[in-house]
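Enquirer: Got a structure for you, questions after.
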Amino acid sequence: LRNVPCALLFFKSCKVVLIYVTKPFVKKYGKVTHPNYYKARIISGCLKECGYNVDVIYSEYTRKLDLRKYSFIIGMGEGYTNTYGKTDRHCKRVYLATGTCFTTANQRELERWISLYQKNKGFAGAERFEKVKDYVKAVGSLYDSDAVIAGGDNEWVMKSYEWIHSKKYMVGSIALTNFRYGDMSRNIHKSRHRVLFLCGNGCIHKGLDIVVEAFWERQDYELYIVGNVEEGFHNAYRKEIEQGNIVLEKFQDANSEAFREICSRCGFIINMSCSESCCTSVLTGMATGLIPIITEAEGINIGDSGYLLMRADRQEIGKTLDMINQATEEASGIIVNQYSQRSFYARFKEALEDILEVC
């Protein structure tokens, strides 16, 4: 069956509901700021290729939904949880895991905030706790799923779902920038000592505090922070940030000339997140040829293409910076073909075909 087109597996048209994001289908973006724009369209396209008529609703949809007309449900969030126990036995349910399991993610987030306050750097900032309305129902919904399709790409992400006995698939994610290594004009001797941090939502979740503390101790390196840094974080780390070797840049469009110029200055990209499925900011930097400095919690399979730290702490970062200083290789292009739109399509389509075959 694996060599048979999906559409031939069905004798009649079937209906599926995709519970994810809706804006990609109703609003044409001028600038794409999140990979879910591409992923939603790719997922919908794969479902159509497999013979389904696709309805799309928002992941936090809470109104009553007539599930009797669907033979397949795929999605995330409260909208997906609310389908638990409301379908007949012939309806397949697949969880779209865009992050690590919420139980793991919330635990790791809590540990980060406790650590921050223990360092006397606590502030009321943007947190990334996944606020589940009904934990028992959410756990039941996950456990009842026929399959899990995870946006991560390493065993750390998959391990957070090991308590679910259904089949699991990893499909990775998508870099946001269209720039590639060939578009950069790096001076290797200068860029070797410049590291980029792309700051998404939640400075503490992303580990910016750990990174700033590490570079505060290393005046021989420059850290470029690009994104929206919270005022509370800036106030808490004002002394470290204003010491001279840390540069703050405002948020930049990943396909702008300003972003290309910043990436050209640097040789590496760093992130110390406590929990990701497949960290888009790191993928975006890698696509421009930047070498990643990450932990397994970024959810990326970097192979031999970067530095995978054992722990997210300033001591480990310091050791890695020593290794970089002694390295002789150029920062040659680490173009992540495995995280392109084409690759995401191929991996998702393969997972979907397997699910349809085994379910």
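The values are calculated or read from the model by the stated rules, or taken from the named source; none is laboratory data. These figures come from a predicted structure and were not determined experimentally. Don't worry about glycine lacking a Cβ; one is built from the backbone with ideal geometry, like all the others, and counts go over all protein chains shown. Side chains are part of the model used for accessible areas, which takes the heavy atoms of the whole protein and leaves out ligands, DNA and RNA. Shrake-Rupley method; radii C 1.70, N 1.55, O 1.52, S 1.80 Å.
Enquirer: State to the nearest 20 debye the size of the charge dipole of the chain about its Cα centre, where the only charges are +1 on K and R beta carbons and -1 on D and E beta carbons.
Expert: Numbers: 47 positive and 43 negative charges, 278 e Å.
With Lys and Arg at +1 and Asp and Glu at -1, about 1340 debye.
Enquirer: What number results when the radius of gyration of the stretch 16-86, computed over Cα atoms, is divided by 2.2 N^0.38 Å?
Expert: 1.12
Enquirer: If you don't mind, another one. Calculate the translational D of the stretch 149-222 in whole µm² s⁻¹ from Stokes-Einstein, where the hydrodynamic radius comes from the Kirkwood formula applied to all Cα pairs, the temperature is 10 °C and the viscosity 1.306 mPa s.
Expert: Working: Rh = 16.1 Å.
Answer, rounded: 98 µm²/s.
Enquirer: Okay, moving on. In Å², what does the accessible area per residue of the chain work out to with a 1.4 Å probe?
Expert: Details: 17010 Å² over 359 residues.
Roughly 47 Å² per residue, with all protein chains present.
Enquirer: Then there's this: How much of residue 128 can a 1.4 Å solvent probe reach, expressed as accessible area in Å² and rounded to 10?
Expert: Roughly 80 Å² of residue 128 is accessible to a 1.4 Å probe.
Enquirer: Further, regarding this structure: As a test of reading the structure, rank 231, 298, 213 by solvent-accessible area (1.4 Å probe, protein chains only), most first.
Expert: On the way: 231 140, 298 0, 213 25 Å².
From most accessible down to least: 231, 213, 298.
Enquirer: A follow-up question, please. So what are the radius of gyration and Dmax for the Cα set of the stretch 218-359, in Å?
Expert: 17.4, 59
Enquirer: Now a separate question. I'd like to know how the stretch 124-260 sits against the 2.2 N^0.38 Å rule of thumb: what's its Cα Rg over that expected value?
Expert: Against the compact-globule rule of thumb, the ratio is 1.36.
Enquirer: Continuing with the same structure: Considering only DSSP states other than H, G, I, E and B, which chymotrypsin sites (Phe, Trp or Tyr not before Pro) in the stretch 16-46 qualify as loop sites with at most 14 other Cβ atoms within 10 Å?
Expert: 29
Enquirer: Given the Cα atoms of the chain, and with Rh set as the inverse mean 1/r over their pairs in the Kirkwood sense, what is Rg to Rh to two decimals? Present the calculation step by step, with values, prior to reporting the outcome.
Expert: Working: Rg = 21.4 Å, Rh = 21.5 Å.
Radius of gyration relative to Kirkwood radius: 0.99.
Enquirer: Can you send over the carbon and sulfur percentage of the accessible area for the stretch 63-116, probe radius 1.4 Å, protein chains only?
Expert: Heavy-atom surface of the stretch 63-116 belonging to carbon and sulfur, 1.4 Å probe: 49 percent.
Enquirer: Continuing with the same structure: So what does log10 I(q)/I(0) come out to for the stretch 1-156 at q = 0.15 Å⁻¹, using the Debye formula with one equal point on every Cα and no solvent?
Expert: With one equal scatterer per Cα and no solvent, log10 I(q)/I(0) is -0.91.
Enquirer: For the stretch 217-308, state which trypsin sites (Lys or Arg not before Pro) are in a DSSP loop and have at most 10 other beta carbons lying within 10 Å of their beta carbon.
Expert: 250
Enquirer: Could you identify which residue out of 286, 76, 310 has the top mean-square fluctuation in a GNM of the chain using Cα springs shorter than 10 Å?
Expert: In the Gaussian network model the winner is 310.
Enquirer: Let me ask something else about it. The stretch 115-187: which chymotrypsin sites (Phe, Trp or Tyr not before Pro) are DSSP loop and have at most 15 other beta-carbon atoms within 10 angstrom?
Expert: Those satisfying the criteria are 129, 163.
Enquirer: While we're looking at this one, here's another question. Taking springs between alpha-carbon atoms closer than 10 angstrom, which of 189, 165, 234 fluctuates most in the Gaussian network model of the chain?
Expert: With Cα springs under 10 Å in the chain, the top fluctuation among 189, 165, 234 is at 189.
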